[in-house]
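S.K.: Following this message is one structure expressed as structure tokens.
The values are calculated or read from the model by the stated rules, or taken from the named source; none is laboratory data. Remember, it's a predicted structure, so these values are computed and weren't measured experimentally. Cβ placement follows ideal geometry from the backbone for every residue including glycine, while neighbour counts extend to all protein chains displayed.
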Amino acid sequence: MSEQTQVESLQAQLAEKQIANGPLLEVKDLKVDFRADGRDVHAVRDASFNVYPGQWVAIVGESGSGKSTSAMSVLGLLPGTGKVVGGSIKLHGKELAGLNSKEYEQIRGQQIGLVPQDPMSNLNPVWRIGTQVKEALVANHMDVSREKRSQLAKMLASSEDVTLKSQDDELFIASTDLPGLLDAAREAVVKAGKADPAKAMESFHKEWEPGSETRWGVAKGLIRAGVSDDEAWAIAKQYVKGSDMNDRIAGLLAEAGLPDAATRARQYPHEFSGGMRQRALIAIGLASRPDLLIADEPTSALDVTVQKKILDHLQGLTDSLGTAVLFITHDLGLAAERAQHIVVMYKGQVVESGPSLEVLQHPQHPYTKRLVNAAPSLASQRIISAKAHGHDAEKYMEHQVKGEQVLEKSEHIISVEHLTREFKLPRKKEMFKAVDDVSFSIKRGTTLAIVGESGSGKSTVANMVLHLLKPSSGKVIYEGKDTAGFSSREMLDFRRHVQPVFQNPYGSLDPMYSIYRSIEEPLRIHGIGNKNTRRARVKELLEMVEMPSSVMGRYPNELSGGQRQRIAIARAMALNPDVIICDEAVSALDVLVQDQVLQLLNDLQAEQGLSYLFITHDLAVVRQIADEVVVMQHGKLVEHATTDQVFDHPQQQYTRDLLEAIPGGKLSLGID
Amino acid sequence: MGKYLLRRILQMIPVVLGTTLLIYALVFALPGDPVAAMFGDKPVNQAVAAQIRSEYNLDKPFIVQYFLFLKNALTLNFGNTFAGQPVISVIGRAFPVTIRLALMAFVFEAIFGVLFGIISGLNKGKWSDQIILILSLLLISIPTFVTGFVMQFFFGVKWHILPATAGVDPGFIDLLMPAIVLGSVSMASIIRLTRTEISTNISEDYVRTARAKGMSNFQVTVRHILRNSLIPVVTYLGADIGALMGGAMITERIFNIQGVGNTLYQAILRGEGTLVVSIVTIMVMIFVVCSLVVDLLYAVLDPRIRYA
């Protein structure tokens with residue numbers, strides 16, 4: 001059987017099985033209420049959706065659409081005053097709504113797992129990673145010596161070359177038995193003489209993870225390397241005798257993609273990066289082999305490249321385990337790429353649901369249409385396909401990209417030359433170069449984007465351009481003058497004309513200041529106008545960012561993230577700047593809000609001739625807004641070209657990786 | 001770690017020097033002549049007074065007195081009290097009593113503070129929480145000497161449940177009521193601290209993740225809510241040991257306990273510089289050592305804290 005037909009027959013088998021067994025999770029007419037100020041707020045209204053065994057189903061919607069609330073009510077973990085007030089949630093045909101807490105403890109972990117949204121806050125800082133994985137195993141009385149395989153997984157496994165004979169075939173390798181096993185395997189492979197021993201051993205070293213690889217997996221590997229069936233099974237039986245708790249913990253972490261898992265298990269969460277923590281959380285979510293995994297925006301806090309790696313891994317893992325996934329996201333492109341079925345939620349209701357491509361190509365509900373239009377990943381996809389079809393791509397862009405001639409002619413408003421910044425690391429002698437010899441210039445009235453992963457030094461560059469951080473060497477030149485030599489008056493003038501908008505709209509506004517005071521502050525500091533003219537100016541600015549003047553008396557906590565970011569932009573605009581430096585200004589926002597803010601920035605540029613320095617990790621956004629792109633990696637500038645060149649002919653492998661990581665890249669979109 | 005410890009211990013030197021100098025200056029600045037006070041109502045015999053002054057170095061300038069005290073203190077010779085007893089033996093009698101009292105108060109406030117704090121925090125908004133909150137607020141707002149006298153009157157004088165005062169070399173029963181009085185204010189603070197910590201921790205993301213693992217409510221409460229909530233409580237408790245020693249002064253006066261507080265009080269009244277400074281120095285040392293232990297404990301409890 002060729003691989004292609006094998007996959008197809010497997011999928012057909014799977015579909016058959018899904019229909020025959022009915023849905024794994026059946027949510028019908030779900031109603032969830034929260035109580036606030038003595039009133040009931042309807043968070044979810046009559047939501048219905050199904051998840052079949054082994055299927056990825058995505059719930060898409062903006063924040064507050066009720067997507068997370070729906071998922072949490074399935075787990076019985078609604079926050080605060082949330083309550084399921086109607087409808088039914090059935091798992092394996094058994095009603096979950098109305099279970100008491102003891103009964104729910106039996107469901108959670110064993111039957112439904114969770115991969116939460118924010119990897120930074122979802123691990124307890126005082127316990128070792130391994131301990132937190134262990135808790136999941138102990139709580140569900142998992143047998144750590146052998147794999148627990150679902151019916152579906154057994155079916156999937158049986159279609160491979162080896163059939164499962166007995167329960168003991170599911171035993172894991174113990175770390176203490178591994179050296180003996182590897183020796184025996186080498187001997188057997190050499191004796192069989194069919195495969196290259198070095199190559200076979202290399203794959204054994206990689207695949208035979210203690211606490212994760214099973215006896216039949218070992219036998220299968222040996223048979224593939226040319227060892228006879230009987231001998232392969234004999235070796236597997238002799239050396240694979242079941243793992244202990246520590247091996248299993250390491251095995252789970254290794255499955256989730258953590259290298260050197262046994263050592264990592266002894267570390268604490270703060271010693272892990274965001275991506276590594278998310279891998280640990282995936283290991284925890286899958287530890288007790290649930291039939292359903294709820295992944296609540298599992299990668300929205302991570303870089304796109306890390307996001308891709310982690311989702312690829314999660315998909316591979318859930319496919320091999322036969323775990324169904326309820327995937328919550330606000331990015332339609334991401335949802336369409338990962339899930340077979342999409343459920344779109346808006347204001348607590350399911351407004352559309354169907355097979356992914358169907359929803360993407362023929363959205364019915366106006367809200368879905370807006371989502372399809374707003375998703376940056378899809379927008380950039382549209383531009384590419386429009387170009388491919390010879391259509392005019394410009395209507396899909398937020399922004400009229402300046403032609404190369406225009407770019408050549410425009411004067412430089414800010415240039416940086418050989419910018420370098422070094423930091424002293426604790427307990428290390430050598431200096432760490434956060435930014436290493438970076439030069440570029442921003443032309444008047446254009447947008448330059450700096451792209452890179454976290455730690456690439458792009459924010460450090462922004463801070464140096466803003467003069468919030470002194471460069472170790474190199475120059476920042478503004479309007480032809482070196483900013484290092486500025487007198488305090490010139491500096492004040494520079495500050496007035498170069499304004500920042502930061503990533504976190506929650507943190508960059510003072511919670512104790514009213515909106516009016518926040519926007520008025522720069523005017524007051526620079527002594528512009530009197531009370532009345534300042535008031536008029538604030539009104540004008542609010543109008544500019546399309547906010548009603550009634551928000552002036554309100555406080556940041558009363559506004560949504562997108563509204564706050566508008567206020568931050570209004571504040572940056574207060575002094576009629578020439579340059580605005582946006583440091584991940586839209587990264588924390590929902591796609592629809594992100595779209596609105598990007599449009600606002602573009603309109604302002606068209607009207608006022610502003611120049612932008614746009615720092616982001618998301619290339620999809622760059623395509624929509626930038627004229628030129630600078631790609632940074634490990635503090636170095638690796639590529640610098642116009643946006644079209646970067647997208648159409650990326651020169652560096654790193655740039656290609658970044659482009660590759662844009663979700664939805666492989667989707668084919670209908671253009672209407 | 002070793003470097004950190006050494007640095008902290010070296011830091012104690014300026015702290016001790018500074019406090020002793022300050023206390024010495026304060027006692028020196030006290031109005032009235034301590035030697036004249038010794039004669040009581042009798043006329044002052046100038047020859048005897050001069051002799052006493054030179055014996056206790058009271059005739060020398062302030063700064064010389066201070067350095068003489070320091071020089072002697074280094075050889076553990078703290079001199080004599082005006083009554084002729086060696087200071088060291090006075091301290092040796094007073095400190096064990098106060099330490100016993102402070103430790104009993106500490107155990108009392110730790111056990112009941114944490115216990116009521118947990119009950120209150122886990123049942124936020126319910127009647128048990130309300131009652132505990134009101135009681136703790138009462139304890140915080142009433143001064144120790146009021147609680148002390150009230151308890152002494154009812155339990156000691158009126159109902160004869162516990163001894164009203166503690167004599168020389170008091171035992172467990174004698175010190176029980178004073179310890180409760182001494183620990184009560186801190187207990188109330190611990191209740192409130194524990195309650196706040198628990199109610200913030202209970203809605204942390206990692207608690208939800210723990211529940212999603214399928215852990216039982218009891219396990220989640222102990223391993224994730226209590227374990228994390230008790231870090232600041234333990235720090236507070238550690239710092240409080242020092243405060244209890246100092247705070248014992250009022251309680252010791254009320255219950256007539258011959259501890260550090262009482263001795264210090266009388267020494268201040270008599271203007272006995274050496275005795276006051278000796279006692280305060282030891283208390284400062286206890287304070288500094290306690291805060292060092294607390295900081296080290298903090299690193300043990302919270303793996304994110306590392307000292308280098």
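S.K.: State whether one or more residues within region B:136-143 are within 15 Å of residue B:247 (Cβ to Cβ) and without any contact (Cβ under 8 Å) to a residue 24 or more places away in the chain.
M.R.: Yes, some residue in region B:136-143 is within 15 Å of residue B:247 (Cβ to Cβ) and without any contact (Cβ under 8 Å) to a residue 24 or more places away in the chain.
S.K.: Also, quick follow-up: Out of the residues in region B:287-308 that are crowded, with 18+ Cβ neighbours inside 10 Å and β-branched (Val, Ile, Thr), which is nearest to the other protein chains (Cβ to nearest Cβ)?
M.R.: Per the criteria, the residue is B:294.
S.K.: Mind checking which residues of region B:113-136 are of a type in the set (S, T, N, Q) and assigned to a loop (DSSP other than H, G, I, E, B)?
M.R.: B:123
S.K.: Tell me whether region A:335-346 contains one or more residues that are modelled with pLDDT under 90, among the aliphatic types (A, V, I, L, M) and not assigned by the TED database to the domain that holds residue A:44.
M.R.: Within region A:335-346, not a single residue is modelled with pLDDT under 90, among the aliphatic types (A, V, I, L, M) and not assigned by the TED database to the domain that holds residue A:44.
S.K.: Which of the residues belonging to region B:145-174 are surrounded by 16 or more Cβ atoms within 10 Å (Cβ to Cβ) and either over 11 Å from residue B:254 (Cα atoms) or of a type in the set (S, T, N, Q) (or both)?
M.R.: B:147, B:152, B:155, B:156, B:162, B:163, B:170, B:174
S.K.: In the set B:199, B:186, which member is touching a Lys or Arg at 6+ places or on another chain (Cβ under 7 Å) and either surrounded by 21 or more Cβ atoms within 10 Å (Cβ to Cβ) or more than 10 Å from chain A (Cβ to nearest Cβ) (or both)?
M.R.: B:199
S.K.: With B:139, B:76 as the choices, which residue is out of contact with any Pro (no Cβ under 6 Å at 6 or more places or on another chain), assigned to a helix (DSSP H, G or I) and not small (Gly, Ala, Ser)?
M.R.: Unique residue meeting the criteria: B:139.
S.K.: Would you pick out the residues in region A:115-128 that are in contact with a Leu (Cβ under 7 Å, 6 or more places away or on another chain) and more than 8 Å from chain B (Cβ to nearest Cβ)?
M.R.: Passing the criteria: A:115, A:119.
S.K.: Condition check: surrounded by 21 or more Cβ atoms within 10 Å (Cβ to Cβ), over 24 Å from residue A:438 (Cα atoms) and of a type in the set (Val, Ile, Thr). Does residue A:621 satisfy that?
M.R.: So residue A:621 does not fit the description; no.
S.K.: When you go through (1) touching a residue at least 24 places away in the same chain (Cβ under 8 Å); (2) surrounded by fewer than 23 Cβ atoms within 10 Å (Cβ to Cβ) one by one for residue B:274, which number turns out not to apply?
M.R.: Single failed check for residue B:274: (2).
S.K.: Out of all the residues in region A:481-495, which are within 18 Å of residue A:418 (Cβ to Cβ) and either in contact (Cβ under 8 Å) with a residue 40 or more places away in the chain or of a type in the set (S, T, N, Q) (or both)?
M.R.: Hit for region A:481-495 is A:483, nothing else.
S.K.: Just checking, does region A:135-145 include any residue being at pLDDT below 90, surrounded by 20 or more Cβ atoms within 10 Å (Cβ to Cβ), away from every other protein chain (no Cβ under 14 Å) and more than 29 Å from the chain's Cα centre (by Cα)?
M.R.: yes
S.K.: Among helices (runs of 4 or more DSSP H) lying entirely in region B:209-278, which contain 1 or more residues that are away from every other protein chain (no Cβ under 14 Å) and of a type in the set (Phe, Trp, Tyr)?
M.R.: Here the list reads B:227-254, B:260-270.
S.K.: Let me ask something else. On the given criteria, is residue A:68 of a type in the set (Ser, Thr, Tyr) and away from chain B (no Cβ under 14 Å)?
M.R.: No: the conditions fail for residue A:68.
S.K.: Further question on the same structure: Restricting the search to region A:74-103, which residues are within 13 Å of another protein chain (Cβ to nearest Cβ) and either among the polar types (S, T, N, Q) or under 29 Å from the mean Cα position of the chain (by Cα) (or both)?
M.R.: A:74, A:75, A:76, A:77, A:78, A:79, A:80, A:81, A:82, A:100, A:101 - these are the residues of region A:74-103 that are within 13 Å of another protein chain (Cβ to nearest Cβ) and either among the polar types (S, T, N, Q) or under 29 Å from the mean Cα position of the chain (by Cα) (or both).
S.K.: Return the total of residues in region A:322-369 being more than 22 Å from the chain's Cα centre (by Cα), more than 27 Å from residue A:621 (Cβ to Cβ) and among the β-branched types (Val, Ile, Thr).
M.R.: 1
S.K.: Quick check: anything in region A:623-642 assigned to a loop (DSSP other than H, G, I, E, B), within 18 Å of residue A:441 (Cα to Cα) and more than 24 Å from the chain's Cα centre (by Cα)?
M.R.: Yes: region A:623-642 contains one or more residues that are assigned to a loop (DSSP other than H, G, I, E, B), within 18 Å of residue A:441 (Cα to Cα) and more than 24 Å from the chain's Cα centre (by Cα).
S.K.: On the given criteria, is residue A:301 within 12 Å of chain B (Cβ to nearest Cβ), modelled with pLDDT under 90, surrounded by 18 or more Cβ atoms within 10 Å (Cβ to Cβ) and not in a helix (DSSP H, G or I)?
M.R.: Taking the combined requirement at face value, the residue satisfies it.
S.K.: Residue check: is residue A:256 touching a helix residue (DSSP H, G or I) at 6+ places or on another chain (Cβ under 6 Å) and not aromatic (Phe, Trp, Tyr)?
M.R.: yes
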